[in-house]
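Contents: one structure, followed by commentary.
What follows draws every value from the coordinates through simple rules; no lab data is involved. Quantities reported herein were computed from a predicted structural model and do not represent experimental measurements.
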Amino acid sequence: MSGYYYWNKICGKVLREDQAEHMLGLTTFFLNNITRALASDEKINWSSQTASTWEIRSSNNADPLDEAIADAKSIVASAHVSFYEDFKAIKYNALSWTWPDACPAVMDQESLWARFWWAMDQDQHFYRMRNWCSHDLGVCKTTLADEMDMFQKLLESYRDFLPVVEELVGKLKHGVEDKAAW
């Protein structure tokens, strides 16, 4: 049945099956990174880092806890950037579809899609963190204070946004798995 699409209404928006599956994969990837970051911070307390990532990476005898924290932050930062690159590809329509009603002005501001879009918008900390992780994390000019501030803000944003992402992933998963709806 090449050329035929199956549609389903998920979170108030009509999506093609391939769109829903891609969005589920992308939002699940993001959710996994949020939970990884929060669990890592809870386990090893990122705020206990005593040297910048640059200082840790350039040291011959870095503190093992500092190394563990820098490694954890690097994994989270890499995944954050990866997520954002895929999100931007959709946002700028490099793919054959876009996020549902991708213009926040026309969305119901209480919808999950609107809340997700708003959090990803360039005015928000998630986007600034994507740029910072790409250009400033682990470079000589970045101080420990800068690093601590950026990651603290990211963790706060992740904590605040976790319920929205969990709900969106749950509804996308239910919609994708509901084969009768397709």
For the stretch 12-181, radius of gyration divided by Kirkwood radius, i.e. Rg to Rh on alpha-carbons: 1.03
Could you list which residues have their amide H under 5 Å from that of LEU15, counting only those 5 or more apart in sequence or on another chain, with H placed in the peptide plane? ASN8, LYS9, ILE10
Read phi for every residue in the stretch 168-174 and hand back ³J(HN,Hα) as whole Hz from Karplus 6.51 cos²θ - 1.76 cosθ + 1.60, θ = phi - 60°, with x for Gly and Pro. 5, 4, x, 6, 5, 4, 4
Tabulate in residue order the Karplus-calculated ³J(HN,Hα) for the stretch 130-146, using 6.51 cos²θ - 1.76 cosθ + 1.60 with θ = phi - 60°, rounded to whole Hz; enter x for Gly and Pro. 4, 5, 4, 4, 6, 10, 10, 5, x, 9, 4, 6, 7, 7, 4, 4, 4
